[in-house]
Amino acid sequence: MARLIQPVCRLCRREGIKLFLKGIRCSGDKCAIERRNQPPGMHARRRPKLSDYGLQLREKQKTKRIYGMMEKQFEVFFDRASRAPGSTGEKLIELLERRLDNVVYRLHWVASRNESRQFVTHGHVRVNGRSVNIPSFLVRPGDKVEAVKKEGVAKRVQAVLEMLQDRPAVEWLKLDAAALSAEVLRFPTKADAGLPVEESQIVELYSK
């Protein structure tokens, strides 16, 4: 599985917003955006004015980085969204939100999406009673997602749940914190995602 290996704080500085790629650190004073909100690089002291293409590219890059995806995989999701009925941009966000690694992150079982991918690939998640170790697995309404019944996993998840208890619950997922399980109530929407992304710009970019 391909993954990003560069310093993720540089990605936030490049986009000029918090992408919450390092979990709890992003909410504190050590966040790169709080300490040095300028593009990375020796001479990058200001953000240049972008062309229409530049704006579209930045929206795509921002979305890829939020979900921790590589270019080829993101194109596969966009192609699937473009062939589905309805708004392509909204369908893209729906598909990205339905990824199993994102579901684990939205349930606050881990502090970041990078941790959630590791959590899934290590076999700590079951869907409808079956072990699933593919981060891009898409959940559907009615699916039951649960953490495996192992002492180390349970302690880790409970610790993160307590740490993130002030974060709002996700309306399309019904969490049972005691049982470390959740049910998918419905398909997620753009409003559920709450992303600082203009998905229409991504559609325009791929339409060229």
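Extension gain for the segment Phe187 to Val76, taken as residue separation times 0.36 nm less the Cα-Cα distance, is 38.0 nm to one decimal. Positive contributions from Lys and Arg (+1) and negative ones from Asp and Glu (-1), summed over other residues with Cβ under 13 Å from the Cβ of His124, come out at +2.
Shape class of the stretch 116-195 from the alpha-carbon gyration tensor: oblate, with a/c at 1.5 or above and b/c at least as large as a/b. Between Gln165 and His122, the modelled label-to-label distance comes to 2.4 nm, taking each label 7 Å out from Cα in the direction of the beta carbon.
If you plug the beta carbon distance of Leu50 and Val132 into 1/(1 + (r/R0)^6) with R0 = 30 Å, you get a FRET efficiency near 0.15.
Quick check: from the Cα gyration tensor, does the stretch 51-208 come out rounded (a/c under 1.5), prolate or oblate? Verdict is prolate for the stretch 51-208.
Applying the criteria of a DSSP loop state and at most 13 other Cβ atoms within 10 Å to the GluC sites (Glu not before Pro) of the stretch 73-179 yields Glu171. Taking a ≥ b ≥ c as the square roots of the eigenvalues of the Cα gyration tensor, the stretch 44-135 is oblate, since a/c reaches 1.5 or more and a/b is not larger than b/c.
Sparse packing (at most 12 other Cβ atoms within 10 Å of the Cβ) combined with a DSSP loop state is found for the following trypsin sites (Lys or Arg not before Pro) in the stretch 63-132: Arg83.
Which entries in the list Lys64/Lys190; Lys72/Lys144; Lys49/Lys91 go over 18 Å, if you measure between the two C-alpha atoms of each? Checking Cα-Cα distances, Lys72/Lys144; Lys49/Lys91 exceed 18 Å. A crude spin-label estimate for the pair Ala177 and Ala154, with each label 7 Å from Cα along the Cβ direction, gives 1.7 nm. Looking at the stretch 138-175, the trypsin sites (Lys or Arg not before Pro) that sit in a DSSP loop and have at most 13 other Cβ atoms within 10 Å of their own Cβ are Lys149, Lys150.
FYI, it's all coordinate maths here, none of it is from the lab. For clarity, every value in this text was computed on a predicted model and none was experimentally measured. Cβ: placed from backbone, ideal geometry, glycine included. Neighbour counts: every protein chain shown.
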